[in-house]
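The values are calculated or read from the model by the stated rules, or taken from the named source; none is laboratory data. Nothing here was measured: the structure is a model prediction, and the numbers come from that model. Note: ideal-geometry Cβ built from the backbone for every residue, glycine included; neighbour counts use all protein chains shown. The area values use the complete protein model at the heavy-atom level, side chains included, leaving out ligands, DNA and RNA. Shrake-Rupley method; radii C 1.70, N 1.55, O 1.52, S 1.80 Å.
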Amino acid sequence: MALLVQKYGGTSVGTTERIEAVAKKIKKFKDSGDDVVIVVSAMSGETNRLLSLSGSITEEPAGRELDVLLSTGEQVTIALLSMALNKISCPSKSYTGGQVRIQTDSAHTKARIVDIDTQKLQLDLASGFVVVVAGFQGVDIDGNLTTLGRGGSDTTAVALAAVLEAEECQIYTDVDGVYTTDPRVVDSARRMDEVTFEEMIEMASLGSKVLQIRAVEFAAKYNVPLRVLSSFKDGPGTLITIDRGNEMERVAFNRDEAKSTVVGVPDIPEIAS
Ligand code: ASP
Ligand code: MG
């Protein structure tokens, strides 16, 4: 029996049908004996919709108010997913970041997590609940709502996996793993079974949007095994790890640049040329 933290992104919870499909997937893990903590994003397009609402009132909203607004997106999905789980007899409880007490600093719209209280989550897990936590949000020391920056649900998932000492943090998304290059552009792109944290951070800086870069850095720092998988089709996905595994040349994609990693080169002056 393992403890898994699974994160489902906006596309994976983009409609109520998809939310119900995700609930079924989660129930399978629960039924096989795993404890699961779920982190969800807002339904796809919702965060942008909220941003444009605020934009139609002011170009310069107070960060505090923007965070109150933006954090509603994830609050919708946690409630709907918990309802869908309960409906299929998979007891579940939803939590906003503040209800868990995911404490952050006060840097509105780009807050950093400083502490997570795991007590309620652990009690619920012990009582057999699937716990569904809102990604991307927290509260500061004064109880103000905060958000972690775009793509921040990944960071919530990794942080929860770290504090709960989960076996794995699984990021379910609309791609089935991390590719050698952009599969939409290059036909020969291959899904990698494993990739290192360093390579992942490099790829993110080259424009790969698979994971929020902060989430990868956080996972590397706390040595959280992180896996990217598809919500829509079964498969092993890509494990992101510090173990270099089978080393090989890897290439990431950017419209103007390519990067290759050549390994096993002897450390001799001028060998790089
Ligand atoms: N909903 C937020 C965003 O769209 C956070 C996330 O999805 O990770 O950026
Ligand atoms: Mg994302």
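Filter the range 208-245 down to the residues that are of a type in the set (Phe, Trp, Tyr) and either free of Cβ contacts under 8 Å to residues at least 12 places away in the same chain or closer than 29 Å to ALA21 by Cα (or both) and list them by number. Full working, then the answer.
Going residue by residue through the range 208-245, those that are of a type in the set (Phe, Trp, Tyr) are 218, 222, 232.
The answer is PHE232, and nothing else.
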> What is the one condition in (1) within 16 Å of ligand 2 (Cβ to nearest atom); (2) in a loop (DSSP other than H, G, I, E, B); (3) of a type in the set (Asp, Glu) that ASP142 does not satisfy?
Replying inline: (1)
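Yes or no, residue by residue, for (1) away from ligand 2 (no atom under 14 Å from the Cβ); (2) small (Gly, Ala, Ser); (3) modelled with pLDDT under 85:
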| site | (1), (2), (3) |
| --- | --- |
| MET192 | yes, no, no |
| VAL195 | yes, no, no |
| GLU202 | yes, no, yes |
| SER205 | yes, yes, yes |
| SER208 | no, yes, yes |
| GLU217 | yes, no, no |
| PRO225 | yes, no, no |
| LEU229 | no, no, no |
| GLY237 | yes, yes, no |
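For (1) more than 16 Å from ligand 1 (Cβ to nearest atom); (2) under 15 Å from LEU160 (Cβ atoms); (3) not polar (S, T, N, Q), each residue gets a yes or a no:
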residue: MET200; (1), (2), (3): yes, no, yes
residue: ALA204; (1), (2), (3): no, no, yes
residue: GLN212; (1), (2), (3): no, yes, no
residue: ALA215; (1), (2), (3): no, yes, yes
residue: TYR222; (1), (2), (3): yes, yes, yes
residue: PHE232; (1), (2), (3): yes, no, yes
residue: PRO236; (1), (2), (3): yes, no, yes
>> Among (1) within 16 Å of ligand 1 (Cβ to nearest atom); (2) within 14 Å of the chain's Cα centre (by Cα); (3) modelled with pLDDT of 95 or more, there is one condition THR173 misses while meeting the rest; what is its number?
In response: (3)
> Could you say which residue among SER82, SER44 is on the phi < 0 side of the Ramachandran plot, out of contact with any helix residue (DSSP H, G or I) (no Cβ under 7 Å at 6 or more places or on another chain) and surrounded by 20 or more Cβ atoms within 10 Å (Cβ to Cβ)?
Replying inline: SER82
> Taking ARG49 and the conditions (1) open to solvent by less than 40 Å² (accessible area, probe 1.4 Å); (2) out of contact with any helix residue (DSSP H, G or I) (no Cβ under 7 Å at 6 or more places or on another chain); (3) within 16 Å of ligand 1 (Cβ to nearest atom), which numbered condition does it fall short on, given that it satisfies the others?
Replying inline: (1)
>> Among the listed residues SER56, SER32, SER52, identify the single one that is closer than 25 Å to THR118 by Cα and either among the basic types (Lys, Arg) or more than 16 Å from ligand 2 (Cβ to nearest atom) (or both).
In response: SER32
> Limited to the range 150-187, what total is found for residues that are over 28 Å from SER260 (Cα atoms), within 15 Å of ligand 2 (Cβ to nearest atom) and open to solvent by 10 Å² or more (accessible area, probe 1.4 Å)?
Replying inline: 1
>> So ASP124 passes all but one of these: (1) closer than 21 Å to SER12 by Cα; (2) buried (at least 18 other Cβ atoms within 10 Å of the Cβ); (3) not small (Gly, Ala, Ser). Which condition number does it fail?
In response: (1)
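Give the residues of the range 113-136 that are within 16 Å of ligand 2 (Cβ to nearest atom) and farther than 17 Å from LYS93 by Cα, sorted by residue number. Give the derivation first.
Start the filter on the range 113-136 by keeping residues that are within 16 Å of ligand 2 (Cβ to nearest atom), which leaves 133-136.
PHE136, the sole residue that qualifies.
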